[in-house]
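Below you'll find the structure, written out as structure tokens, and then a few comments.
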Protein chains: 2
Amino acid sequence: MAHSSRTNVLTSQQDDFPRWYQDVLEKAELAENGPVRGTMVIRPYAYWLWERMQAEVDGRIKATGAENVYLPLFIPQSYLAREAEHVEGFSPELAVVTHAGGKELPEPVVVRPTSETLFGELMSKWIQSHRDLPMLLNRWANVVRWEMRPRLFLRTSEFLWQEGHTAHATREEANAYALRIHLDVYRDFLQNVLAIPVLVGVKSRRERFAGAINTMTCEAMMGDGKALQMATSHELGQNFAKAFDITFASSSGQVEPCWTTSWGSSTRMVGGLIMAHGDDQGIRIPPRVAPVQVVVLAVKVDERTMTIGSSLVRELITAGVRARLDNRTTQGFGRRATEWELKGVPVRLEVGPRDLQSGHATIVRRDGGAKESVRLEAVSTTIVALLESIHTEMIEAARQRLMDRTVEAASVTEALDAAKAGFARIPWEQLGEEGEDALNREAVSVRCLQTRQGTVPGNGDLASDLMAIVGRSY
Amino acid sequence: MAHSSRTNVLTSQQDDFPRWYQDVLEKAELAENGPVRGTMVIRPYAYWLWERMQAEVDGRIKATGAENVYLPLFIPQSYLAREAEHVEGFSPELAVVTHAGGKELPEPVVVRPTSETLFGELMSKWIQSHRDLPMLLNRWANVVRWEMRPRLFLRTSEFLWQEGHTAHATREEANAYALRIHLDVYRDFLQNVLAIPVLVGVKSRRERFAGAINTMTCEAMMGDGKALQMATSHELGQNFAKAFDITFASSSGQVEPCWTTSWGSSTRMVGGLIMAHGDDQGIRIPPRVAPVQVVVLAVKVDERTMTIGSSLVRELITAGVRARLDNRTTQGFGRRATEWELKGVPVRLEVGPRDLQSGHATIVRRDGGAKESVRLEAVSTTIVALLESIHTEMIEAARQRLMDRTVEAASVTEALDAAKAGFARIPWEQLGEEGEDALNREAVSVRCLQTRQGTVPGNGDLASDLMAIVGRSY
């Protein structure tokens, strides 16, 4: 890993949260702007984090029975026009290739903003009979949506994501599968790996995906009280199936359009992780997703310390811990410690000459900064247990913040007031689409609608007794 | 997995090899054309194969110390112009975005054909001192090179690949690292995972990568005797470093340009695997890369057979074998067996009522078709050993073909004659660039130059006593 320049120079979150975010991306060497406006370079440490996130999400997706495919970057412009709402939703964001191979193309092609339409076209070929259903497909790739106000990881003109696309025989099956993805893949990953508590629910009609009959969302609260949409799952009803002729012959031989779904999560989650857990010393990575869970740091880089350090790393790796040794001699101890703090490694194991004399090392937690002296023989068992408690305490702290900063509101005025520092919870019957208009005028939006128990409303029915969660958002 | 239509309908390789290739891609449900000319849809089974290949290559790349990053899809057109040979090499193949976000762009942007130039720009920022060297980076992504004569996996306008980019302090270090990638990553993967023997060597001046001072290549022979370039590694000398100002301060404080390398392998390897190992019954996947190594196939789908089949699958998985049960009732046994044959699963374990009565099952090898009855208790130990011998026998068979079809030639005429059925080996001193011209006029090319011992010439020196391997190629 390249050494960073001075590290203790982050703007404080209190002073200017967006500035802190920019600072930490730069100082922790996570990402920077590409030369074309809105594009992003993801540097090794952040990409490693993304690879770990990808593996966790991918495993969960495959466990639902879906299979990965690859579909092309380029889509004929005419495809997008087939589903009316869809083309309206995307047309201002498209990047268009007009020349290729040294010539003007007969028909311009669009760089995929999503592959809904292409999956539609292919499924119409691949699906003939009820025996082909459900068809469960997923794809990891880059997509392009031209951004006027780009922000690294949160809104970039190109981003990396997975998009799942499925076809089913009935609305009930489509709904059940989308809900399963939403809870067992997204919510489970966000809470149990990223340690970010999320509110699950459905989007209001206005906030739905273009062409969907229902959009489910996972909403998280960032360190400044603003919301970030972490992942969404859409029921597309029969809209795309009708537009793309995705039909199946039922067992009785009747030909019917399928019910389709789509669902996605992206590199935006990296931004969410940074903003949900970071503090004035840098980012804080929850242990289960951390590329490096423990860094063994020699206070003095001498032979004896290095030998003991190496054997501790080996022991930790054997115990299933992602550990690495920092044996750099180009920088002093203090600077190296600060750098790992900035990069959010959950545990530092400091090995110093004095400690070693009494057979000890010092465990330093990144989350609270607590230090603990531990006997060398007990290092790996202590750390294995510690990593689990760090996860629990991190999600608990985030949950506490979410609770503290969510206010029950009884009017638009109260909701707007609450949204200055966090979320408001207000009965949807009381807010309604008119109230939503009023919020929108003040840059506050309905993040999701959920039941009073905090669950996803069945079948996307907005008529029932729902609560709206409102807030400002990224 | 969706069921396929009639499977025993491949054109024979003997009759028409390219047609056989198209047939097998379709019947084994591997890939098909996308709607935009030259683009490709990779279907679940082939994508799974690619994921396995990717994991194997990625692990080897990381073992050399390189780290993964992500760089943007879009590159300013001006970047490509900075290195003269490079722009010439790529300009006929570029796809250009002229409109985005509903407007014409002030400067058109190019869809990356490779990210050489962008890595150059970034390394110039990231590298300051000798302490930042070597910088070893890699990226997995899609790239676009407009193809006039596309062929699935082999030449597509968009393909998936990894491209590595490194910077070093000296030419020797750059050469040694490129060679390490070439042998320990590419050759090792191709031979020890894909079971494809490769010839390693360097490209002639004419066949070098645009802007490189030396290109190393791994060349394989396909089933029809034609060559396929499987992976290449380039030494870029100081060309890109000078064009992009990638400099470092040495320990004595002197500022010098770096020596850079780049190296890549792509989805073309999937095509190579199909054409190197396939036969008239379908593809044949070598065991180490096979997504499914063993399929347990019930001759009759009844409860007892299914119970035993499931427990055999569990046992195999416990023994580290990638096994799955085929419990489909929608198709008869014969059809299912043919389908797995078509998809090249190395071993079928057939479980029939008669066999079961005597406590046996039947092992059927995909590579030679040999059948063997085995006691149920011995299934997993037998199969674990068998998978290893299948690998060895597959690479041996491919090596035998390579030897049988490589002819020592003493003149251009003899070389051209040999190239009708395979490769010719001819001293480079004798062939020379004039001889290369003569070959090229007959669509035969110099695939690589290697020492008489078959190794990569040191430092890309073309003046020494080298042998040219010539042949037709994909």
**OP:** Determine whether segment A:381-395 contains at least one residue that is in contact with a Pro (Cβ under 7 Å, 6 or more places away or on another chain) and of a type in the set (Gly, Ala, Ser).
**Re:** no
Subject >> Criterion violated by A:Gln77 - all others in (1) farther than 24 Å from A:Gly237 by Cβ; (2) open to solvent by less than 40 Å² (accessible area, probe 1.4 Å) satisfied >> reply: (2)
**OP:** Only residues in segment A:227-248 that are part of a loop (DSSP other than H, G, I, E, B) count as the first member; pair them with residues that are of a type in the set (A, V, I, L, M), Cβ under 7 angstrom, at least 6 apart or cross-chain, and list the lot.
**Re:** A:Ile246/A:Met123; A:Ile246/A:Ile127; A:Ile246/A:Ala167
Original post:
Out of (1) closer than 21 Å to A:Val198 by Cβ; (2) not assigned by TED's automatic domain parsing to the domain that holds A:Val299, the odd one out for A:Gln430 is which?
Top reply: (1)
**OP:** State yes or no: is A:Phe119 buried (at least 17 other Cβ atoms within 10 Å of the Cβ), modelled with pLDDT of 95 or more and not acidic (Asp, Glu)?
**Re:** yes
**OP:** Filter segment A:441-457 for residues that are in contact (Cβ under 8 Å) with a residue 60 or more places away in the chain and open to solvent by 30 Å² or more (accessible area, probe 1.4 Å) and give the result.
**Re:** A:Thr455
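Going residue by residue through segment B:89-98, is there one that turns out to be open to solvent by less than 70 Å² (accessible area, probe 1.4 Å), more than 23 Å from B:Ala210 (Cβ to Cβ) and within 20 Å of the chain's Cα centre (by Cα)?
no
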Original post:
Counting just the residues of segment A:373-385 that are of a type in the set (A, V, I, L, M, F, W, C), within 31 Å of the chain's Cα centre (by Cα) and open to solvent by 20 Å² or more (accessible area, probe 1.4 Å), which one comes out farthest from A:Ala290 (Cα to Cα)?
Top reply: A:Ala385
Subject >> Residue selected from segment B:320-372 under the condition of a type in the set (Lys, Arg) and open to solvent by less than 30 Å² (accessible area, probe 1.4 Å), by the criterion nearest to B:Pro286 (Cα to Cα) >> reply: B:Arg366
Original post:
Any idea which of (1) in contact with a helix residue (DSSP H, G or I) (Cβ under 9 Å, 6 or more places away or on another chain); (2) without any contact (Cβ under 8 Å) to a residue 24 or more places away in the chain is the one B:Ser252 doesn't satisfy?
Top reply: (1)
**OP:** Kindly list, by first and then second residue, each pair from a residue in segment B:306-331 that is within 23 Å of B:Glu388 (Cα to Cα) to a residue that is open to solvent by 60 Å² or more (accessible area, probe 1.4 Å) and in a strand (DSSP E or B), limited to pairs with Cβ atoms under 8 Å and residues at least 6 apart or on different chains.
**Re:** B:Val313/B:Arg324
Subject >> Counted residues, segment B:122-141 - those being more than 10 Å from chain A (Cβ to nearest Cβ) and either at positive phi or touching an Asp or Glu at 6+ places or on another chain (Cβ under 7 Å) (or both) >> reply: 2
Original post:
Taking segment A:142-190, which residues are assigned to a loop (DSSP other than H, G, I, E, B), in contact (Cβ under 8 Å) with a residue 60 or more places away in the chain and either away from chain B (no Cβ under 14 Å) or closer than 21 Å to B:Lys103 by Cβ (or both)?
Top reply: A:Trp146, A:Glu147, A:Pro150, A:Leu154, A:Thr156, A:Ser157, A:Ala169, A:Thr170
Original post:
Given the residues A:Ala398, A:Ala424, which is the only one that is without any contact (Cβ under 8 Å) to a residue 60 or more places away in the chain and hydrophobic (A, V, I, L, M, F, W, C)?
Top reply: A:Ala424
**OP:** Examine segment B:211-222 for a residue that is in a helix (DSSP H, G or I) and either buried (at least 23 other Cβ atoms within 10 Å of the Cβ) or free of Cβ contacts under 8 Å to residues at least 12 places away in the same chain (or both), and state whether such a residue exists.
**Re:** no
Subject >> B:Val384 being under 28 Å from B:Leu273 (Cβ atoms) and touching a helix residue (DSSP H, G or I) at 6+ places or on another chain (Cβ under 6 Å) >> reply: no
Subject >> Counted residues, segment A:118-136 - those being under 16 Å from B:Met40 (Cα atoms) and of a type in the set (A, V, I, L, M) >> reply: 3
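Out of B:Arg149, B:Arg131, B:Arg60, report the one residue that is open to solvent by 10 Å² or more (accessible area, probe 1.4 Å) and either within 30 Å of B:Lys27 (Cβ to Cβ) or not assigned by TED's automatic domain parsing to the domain that holds B:Leu236 (or both).
Just one listed residue meets the conditions, B:Arg149.
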**OP:** Would you mention how many residues in segment B:232-252 are open to solvent by 30 Å² or more (accessible area, probe 1.4 Å) and polar (S, T, N, Q)?
**Re:** 5
Subject >> So B:Glu315, is it open to solvent by less than 10 Å² (accessible area, probe 1.4 Å) and acidic (Asp, Glu) >> reply: no
Original post:
Looking at segment A:5-15, is at least one residue out of contact with any Lys or Arg (no Cβ under 9 Å at 6 or more places or on another chain), over 30 Å from A:Arg205 (Cβ atoms) and part of a helix (DSSP H, G or I)?
Top reply: no
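The values are calculated or read from the model by the stated rules, or taken from the named source; none is laboratory data. Because the structure is a prediction, the values reported are computed rather than measured. Quick reminder, even Gly has a Cβ in these numbers, built from the backbone with ideal geometry, and neighbours come from all protein chains shown. Just the protein is used for accessible areas: all its heavy atoms, side chains included, with ligands, DNA and RNA removed. Shrake-Rupley method; radii C 1.70, N 1.55, O 1.52, S 1.80 Å.
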